[in-house]
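The values are calculated or read from the model by the stated rules, or taken from the named source; none is laboratory data. None of the values given here were measured: they were computed from a predicted structure. When we count neighbours, we look across all protein chains shown, and the Cβ atoms used for this are built from the backbone with ideal geometry, even at glycine.
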Amino acid sequence: MLIAGAVFLGLLADEWRENRQQLELARGALERFRTEVAANKLAVAGVQEYHEKFQTQVNAFLGAEGPKTLGAFFARVDFKGVRAPNFEHTALDLALTTGSLGYIDPELAYEISRTYTAQSRLERLHDGFREQVLSPTTFATPDGTAFAIAIAAYLGEVRSDEPRLIEHYATLSAALDKALGGAPQQTGN
């Protein structure tokens with residue numbers, strides 16, 4: 001009886017230790033997600049104004065009278081690249097690698113996945129645009145109409161996706177704050 005009791009207590013202690021480790025893994029993952037989501041939200045917010053201005057200029061170029069050459073495009077449009085935000089996704093990669101995502105509340109894990117999926121869509125849109133449109137063949141002829149139309153279509157998608165992604169970040173940030181017991185403490189300098 002004494003041996004059976006000792007084995008039972010040992011199993012309970014082992015289960016308690018394992019549950020504690022899982023909670024620590026989940027909490028660490030949630031903290032990393034919170035930091036990363038805040039950085040990614042700032043990255044998107046940092047390019048929204050440029051994309052809005054850029055779209056307005058491209059649409060004005062397409063609607064203007066006169067030649068639609070690449071030279072005219074670059075003279076009328078303040079083109080400084082597509083300015084795709086650089087997204088961090090290390091927290092998700094680490095959570096998947098360590099299995100800590102499995103220790104997070106399923107609804108919160110779903111919101112994390114949903115947000116990173118929306119972010120991934122925007123990344124694929126940026127990558128595809130750069131690969132297809134900003135190739136050497138795009139600039140092989142002086143006509144800039146096709147180039148401007150492609151940029152206008154791309155910016156239409158981007159400008160539609162960015163506010164939705166910001167909303168995803170806000171929803172996920174609130175859920176992460178709730179799961180972690182409140183917003184992160186601000187440190188004063």
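List of remarks:
- Qualifying residue in segment 142-153 (condition: over 19 Å from V37 (Cα atoms), touching a Phe, Trp or Tyr at 6+ places or on another chain (Cβ under 7 Å) and either free of Cβ contacts under 8 Å to residues at least 60 places away in the same chain or assigned to a loop (DSSP other than H, G, I, E, B) (or both)): yes
- The residue that is farthest from A174 (Cα to Cα), among those in segment 90-109 that are acidic (D, E) and not in a loop (DSSP other than H, G, I, E, B), is D93.
- Number of the exception - A84 against (1) more than 23 Å from D177 (Cα to Cα); (2) part of a helix (DSSP H, G or I): (2)
- Pair list, Cβ < 9 Å and 6+ apart or interchain, from segment 36-60 residues that are within 30 Å of A91 (Cβ to Cβ) and without any contact (Cβ under 8 Å) to a residue 60 or more places away in the chain to residues that are among the polar types (S, T, N, Q) and in a helix (DSSP H, G or I): E36/T90
- Selected residue [surrounded by 14 or more Cβ atoms within 10 Å (Cβ to Cβ) and of a type outside the set (S, T, N, Q)] from A43, A64, A75, A4: A43
- Of the numbered criteria (1) more than 20 Å from E24 (Cα to Cα); (2) at pLDDT 90 or above, the one G81 fails is (2).
- Of the criteria (1) farther than 27 Å from P163 by Cα; (2) in a helix (DSSP H, G or I), which one G66 fails: (2)
- Cβ-Cβ under 9 Å pairs, at least 6 apart or on other chains, segment 162-177 side without any contact (Cβ under 8 Å) to a residue 60 or more places away in the chain, far side among the acidic types (D, E) and surrounded by 14 or more Cβ atoms within 10 Å (Cβ to Cβ): H168/E111
So that you can scan it fast, the table gives a plain yes or no per residue for (1) under 19 Å from Y103 (Cβ atoms); (2) assigned to a helix (DSSP H, G or I); (3) not aliphatic (A, V, I, L, M):
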{"residue": "I3", "(1), (2), (3)": "no, yes, no"}
{"residue": "F8", "(1), (2), (3)": "no, yes, yes"}
{"residue": "D14", "(1), (2), (3)": "yes, yes, yes"}
{"residue": "A29", "(1), (2), (3)": "yes, yes, no"}
{"residue": "R32", "(1), (2), (3)": "yes, yes, yes"}
{"residue": "V37", "(1), (2), (3)": "yes, yes, no"}
{"residue": "N40", "(1), (2), (3)": "no, yes, yes"}
{"residue": "Q48", "(1), (2), (3)": "no, yes, yes"}
{"residue": "Q55", "(1), (2), (3)": "no, yes, yes"}
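- Scan of segment 116-133 for residues that are touching a residue at least 40 places away in the same chain (Cβ under 8 Å) and either closer than 15 Å to H51 by Cβ or not in a helix (DSSP H, G or I) (or both), ordered by number: L122, H126, F129, R130
- Residue that is over 30 Å from Q21 (Cα atoms), touching a Leu at 6+ places or on another chain (Cβ under 7 Å) and surrounded by 11 or more Cβ atoms within 10 Å (Cβ to Cβ), where the choices are A118, A95: A118
- Residue in segment 69-76 that is among the hydrophobic types (A, V, I, L, M, F, W, C) and modelled with pLDDT of 95 or more present: no
- The single condition from (1) within 30 Å of T171 (Cα to Cα); (2) touching a Lys or Arg at 6+ places or on another chain (Cβ under 8 Å) that E49 fails is (2).
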